[in-house]
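The values are calculated or read from the model by the stated rules, or taken from the named source; none is laboratory data. The structure displayed is predicted, hence computed values, not measured ones. Cβ placement follows ideal geometry from the backbone for every residue including glycine, while neighbour counts extend to all protein chains displayed. Heavy atoms of the whole protein, side chains included, go into the accessibility calculation; ligands, DNA and RNA do not. Shrake-Rupley method; radii C 1.70, N 1.55, O 1.52, S 1.80 Å.
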Amino acid sequence: MTMAQKGRWLVVTGLVLLGGVYVRALAFTPVERFQGPAQKIFYVHVPAAVTTELAVILLGLAGVFYLFLKDPRLDRFAESSAEVGTVFASIVLTTGPIWGKPIWGTWWTWDARLTSTLFLFFLLVGYQVLRGAVTDGALRARYSAVLGICAVVLVGFIHLSVYLFPTLHPQPIVLKPSKPSLPGAMLLTLLLSFGVFLLLYVGFVMQRYAIATRRAESFHG
Amino acid sequence: MGELLRQTWTIARKDLLLEFRSRTAIVSAVVFTALVLTVFNFGRDPTAVSALDLAPSILWVTFTFAAMLGLNRAFQLELENQAIEGLLISPLDRRSLYWGKLLANLAFVAVVEAVGLPLFVLFFNVPVGHVLLPLLAVMALATLGFVAVGTLFSAMVVRTRFAELMLPVLLLPFLLLPLTYAVQATARLLADRPLSEVAGWLRLLAAYDIVFLAVASWLFPYTVDE
């Protein structure tokens, strides 16, 4: 089985499991007391946000290793991770406002967390715009690595800043220093959804990586 | 270390001398700054929004755009007659090339800001005399942050298609953070808040500068080497 086929299977499995997670979320997970059914979107929103961050961090790491090892496979991985990360960032930026309208009464606020996700999105798009504007393969890989590393440093800075600005956004409830403050049933649903999103990320990246490899091969003849 | 500094100064001096002799870029940047300030004046309703409320945003948006204009110039200059090849062949430490370009860019943006600030005070009737020193500190720190990242990126974008458009697209997400810090600090200064409220923002700006100066001088050689 080629990598593209494996990736496709992973994605199909992931999507089926995502359906399963939502059956569990809608039918077998308690409704949140204050937010009502609107809270259900949380099981897509939060895993998508975490996966986006993961995609950006891996993009930066691939950049660091590329500069030392000069292995084109790392560059292809970074390219794939950026593209898949953009898709996940779009999911976060779409599901967020859908939740925000009934709960906050507004689609968008310039809240620190919303702004930082928008930053991530712009960084990922900028990264791909840069890739499109450089024709030489080795140069493109080096430039992308440099931008990827800068992006990760910036994301770190944004995270520090987020805590300094007043925020409307719910605070982290799972990934925080103290114990998760979430009922067991909700936590389990969330963790399952995390797993599914991770699977989807890996599946998409594998397919995208296969495309990048094909492109490189056809380029070199 | 001494050698590094000497090379840095040589590069910076070369750029500044070129700029001083032609004066095209600096004059355009200064005029551009004055124009943006004028545009802001017509872009608001003076009966509804007082100048003081908008002042920090006006000041920093203007400076951000002006800095970006200057940064585009830094390596564009070296493309003519493949001057960059000459620089890269010469026995020059790549880091000193970055630091030299950085110094020249800083000087360029500082001149633009030195003209922009009095114009801003004049046009919007915002007295800054009593907070001039802390305001200059905010300006210095924010500008250093802008230029630290901008110099790195301008070295990359000159060799891409649509370089003039590419720089803002890549750079603006990086400038938004120091811009936010600077606007917050300036707003507090202009509202006569105690300096202790500004100190935190200054520290953040300084941290941003240190981190990005370090990252950029590490990464810069990778953007110019063949």
A:Val12: passes all of (1) more than 30 Å from A:Val153 (Cα to Cα); (2) out of contact with any Gly (no Cβ under 9 Å at 6 or more places or on another chain) but (2)
Given (1) within 14 Å of the chain's Cα centre (by Cα); (2) surrounded by 18 or more Cβ atoms within 10 Å (Cβ to Cβ), A:Val125 misses just (2)
Exercise for review: Output yes when any residue across region B:69-76 is in a helix (DSSP H, G or I), modelled with pLDDT under 85, open to solvent by less than 10 Å² (accessible area, probe 1.4 Å) and more than 19 Å from B:Leu136 (Cβ to Cβ), and no when none is.
Suggested key: yes
Listed by range, helices (runs of 4 or more DSSP H) wholly within region A:1-115 having at least 2 residues that are within 14 Å of chain B (Cβ to nearest Cβ) are A:42-69, A:72-104
Selection from region B:147-203 of residues among the small types (Gly, Ala, Ser) and either touching a Lys or Arg at 6+ places or on another chain (Cβ under 6 Å) or at the interface with chain A (Cβ under 10 Å from one of its Cβ atoms) (or both) yields B:Ala155, B:Ala163, B:Gly200
Quiz prompt | Residue within region B:119-127 that is within 14 Å of chain A (Cβ to nearest Cβ), of a type outside the set (S, T, N, Q) and surrounded by fewer than 18 Cβ atoms within 10 Å (Cβ to Cβ) present | solution = no
Of the candidates A:Leu175, A:Leu164, the one satisfying the condition of being within 14 Å of chain B (Cβ to nearest Cβ), at pLDDT below 90 and not in a helix (DSSP H, G or I) is A:Leu164
Going through (1) free of Cβ contacts under 8 Å to residues at least 40 places away in the same chain; (2) within 19 Å of the chain's Cα centre (by Cα) one by one, B:Leu119 fails only at (1)
Among the residues of region B:121-135, is any aromatic (Phe, Trp, Tyr) and either modelled with pLDDT of 90 or more or within 22 Å of B:Arg23 (Cα to Cα) (or both)?
no
All conditions in (1) facing another protein chain (nearest Cβ under 10 Å); (2) closer than 12 Å to B:Leu170 by Cα are true of A:Gln128 except (1)
Within region A:146-155, restricting to residues that are surrounded by 22 or more Cβ atoms within 10 Å (Cβ to Cβ) and facing chain B (nearest Cβ under 7 Å), the one that is nearest to B:Leu177 (Cα to Cα) is A:Leu154
(1) under 21 Å from A:Tyr127 (Cβ atoms); (2) part of a helix (DSSP H, G or I) all hold for B:Arg161 apart from (2)
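Could you pull out the residue among A:Thr51, A:Thr95, A:Thr13 that is open to solvent by 40 Å² or more (accessible area, probe 1.4 Å), in contact (Cβ under 8 Å) with a residue 40 or more places away in the chain and either on the phi > 0 side of the Ramachandran plot or hydroxyl-bearing (Ser, Thr, Tyr) (or both)?
Values: A:Thr51 fails: open to solvent by 40 Å² or more (accessible area, probe 1.4 Å); A:Thr95 fails: open to solvent by 40 Å² or more (accessible area, probe 1.4 Å).
A:Thr13 is the lone residue from the list that is open to solvent by 40 Å² or more (accessible area, probe 1.4 Å), in contact (Cβ under 8 Å) with a residue 40 or more places away in the chain and either on the phi > 0 side of the Ramachandran plot or hydroxyl-bearing (Ser, Thr, Tyr) (or both).
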The condition of being in contact with a helix residue (DSSP H, G or I) (Cβ under 8 Å, 6 or more places away or on another chain), surrounded by 23 or more Cβ atoms within 10 Å (Cβ to Cβ), more than 12 Å from every other protein chain (Cβ to nearest Cβ) and assigned to a helix (DSSP H, G or I) holds, among B:Ala206, B:Ala142, only for B:Ala142
